[in-house]
Every structure is written in structure tokens, then in C-alpha cells.
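The values are calculated or read from the model by the stated rules, or taken from the named source; none is laboratory data. As the structure is a prediction and not an experimental result, all values here were calculated from the model. Reconstructed Cβ throughout: ideal geometry from the backbone, glycine too, with neighbour counts over all protein chains shown.
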Amino acid sequence: MIITTTETLEGYEIVEYLDIIIGCGDDPEDALKELKEIGETLKADAIVGVKIFNEILDRELTYYAYGTAVKIKKRE
């Protein structure tokens, strides 16, 4: 699975946009791991436009990662 902050993938064409997905965790790595798991559940080939941010709720820091799950194919 390709995970990128860019909206496009060099050498690939996005052929289907599956869904906007979000993962959360105690640190950025956990948030990205959950994001990847959700993408795999959707059978995505990649997640594009990934952003990470954090928020304090009830004195606990939570990290969020979000992006768009997509199907891709290699350009010819």
C-alpha cells in the first residue's frame, strides 16, 4: 500500500476514489497504522492526501491521520 501526502502518484493514475478515511491513536505512528488498516479493509491500493493532526480531549493527546483511499493503475 502506498501512503502519501501528495494528491497524485507519479507513474500512476487514480482510477477510483473509494472513501475519505481517518485513523486515530496515541501517537502519529498509531494513527497511520489504523489509517492503513482501514485502507486495506476497503481494498485500496493507496491513500493520498494524508494529513496528521492532534487534539487534546479531556487532557489526553490524540493523533488523527486522514486521507483518501484510492484504486490506482500504473501508467503505460
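Observations on the structure shown:
- Of the residues making up the stretch 33-51, not a single one is modelled with pLDDT under 95 and polar (S, T, N, Q).
- Test: residue in the stretch 17-24 that is exposed (fewer than 12 other Cβ atoms within 10 Å of the Cβ), of a type in the set (F, W, Y) and either in contact (Cβ under 8 Å) with a residue 24 or more places away in the chain or out of contact with any Asp or Glu (no Cβ under 9 Å at 6 or more places or on another chain) (or both): no
- When we screen E37, E55, E29, E60 for residues that are touching a Leu at 6+ places or on another chain (Cβ under 8 Å) and farther than 21 Å from G11 by Cβ, the only hit is E55.
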